[in-house]
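Below: one structure, written as structure tokens.
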Amino acid sequence: MPIPGDRSVRTTPEGLLWEPCERWVRGVKGEVTVVDSRHPVLVWEPEGIPVPRYAFPREEVRTDLLHPAEKPPTGTHTGSQIFYDLEVGGERVENAAWTFPAADLAGHIAFEWFLRWDDGLDHWYEEEEEIFGHPRDPHHRVDALRSSRHVQVEIDGTVVADTRRPVLLFETGLPERYYIPVEDVRLDLFEPTAHKSLCPYKGNARYWSFSREADVPRNVVWSYPEPLPAVGAIEGHLAFYNEAVDLVVDGERQERPVTLFSKSLTK
């Protein structure tokens, strides 16, 4: 979330936080550029996962492709009442865009793209770099540091990973993640799944599930085969949800953290 007291962040009576952004942002559907903005604003909603969304000046949006929504989810997005369906090349995307009710953001249109695979636009770019999942938060930091800590991962008493050469990933708002070289993980105890996820800071992730009977959720381990350059050190490494496995670091057993992922981890 934005840094408390940061003078660039503004608050609306509806509880929205927003700030101007200097990045050139474009959104594309098929071969059509729907958004081409050099004056976007970042908006944080008071409920849900605390990541930003973009809203764009109306004149920097192809509003000719937007039509009043046939089934608007009024009241969502902090009480928004105006929603639009997007129609491009004969394809209609329901509720692809909306306007926030805040007076500060009048004249701006926001688009659905947060962690969605099938709806919204196909590609988003900041400058010439494609962005996945959601906009990058300027107040969010991710550091991947090589380490010599002794890290062991256990599932129901079975040691499934043991390394002295992890990469520790520190990310704002989340517990540290221990990325373990693939050679130090018992991958014979796991099976790949079709699950996938996007992260604007790390890239595209693939997942594995524990192949034995155990009290552990599916998709408990993941990796980024082609991580973004800023976290290139995690290439060839796998990480486990601290929330669902037992971690022993330098001989000290770690407490399982409770995070925004805890509820979504299902058996």
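The values are calculated or read from the model by the stated rules, or taken from the named source; none is laboratory data. Just so it is clear, the structure is predicted and the values come from calculations on it, not from any experiment. Positions of Cβ are generated from backbone atoms using ideal geometry, with glycine treated the same way; all protein chains shown enter the neighbour counts. We work out accessible area using only protein heavy atoms, side chains counted, and drop any ligands, DNA or RNA first. Shrake-Rupley method; radii C 1.70, N 1.55, O 1.52, S 1.80 Å.
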Would you mind putting 130-137, 252-259 in packing order, based on average other-beta-carbon counts within 10 Å, highest first?
130-137, 252-259
In vacuo Debye scattering of the stretch 85-165, one point per C-alpha: log10 I(q)/I(0) at q = 0.14, 0.26 Å⁻¹?
-0.74, -1.26
Give me the dipole magnitude in Debye, nearest 20, for the chain about the Cα centre, with unit charges on the beta carbon: positive for Lys and Arg, negative for Asp and Glu.
400 debye
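Under a 1.4 Å probe, what is the accessible area of the stretch 89-177 per residue, stated in Å²? Intermediate results must be reported in sequence, preceding the final value.
On the way: 4280 Å² over 89 residues.
Per-residue accessible area for the stretch 89-177 comes out at 48 Å².
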What is the distance in Å between the Cα centres of the stretch 143-165 and the stretch 170-245?
12 Å
Using the Karplus curve 6.51 cos²θ - 1.76 cosθ + 1.60 with θ = phi - 60°, what ³J(HN,Hα) values do you get for each residue of the stretch 228-243, in whole Hz, with x for Gly and Pro?
5, x, 5, 10, x, 5, 8, 4, x, 10, 10, 10, 10, 5, 4, 5
Using amide H atoms built in the peptide plane, which far-off residues or other-chain residues are under 5 Å from residue 197 H to H?
205
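With N residues in the stretch 11-131, what two-decimal value do you get for its Cα radius of gyration over 2.2 N^0.38 Å?
Its radius of gyration relative to the 2.2 N^0.38 Å reference: 0.98.
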Using only the alpha-carbon atoms, what does the stretch 142-264 span along each of its principal axes? Please give whole angstrom values in decreasing order.
36, 33, 29
Answer in debye to the nearest 20: the dipole magnitude of the stretch 142-264 about its Cα centre, from +1 Lys/Arg and -1 Asp/Glu charges placed on Cβ, is 320 debye
Convex hull volume of the Cα atoms in the chain, per residue, in Å³?
148 Å³
Determine the gain in length on full extension of the stretch residue 186-residue 258; use 0.36 nm per residue of separation and subtract their C-alpha separation, reporting nm with one decimal.
23.4 nm
Please work out how many pairs of lysine residues in the chain are eight or more positions apart (or on different chains) and have Cα atoms closer than 30 angstrom.
9
Carbon and sulfur: what percent of the stretch 117-194's accessible surface (1.4 Å probe)?
43 percent
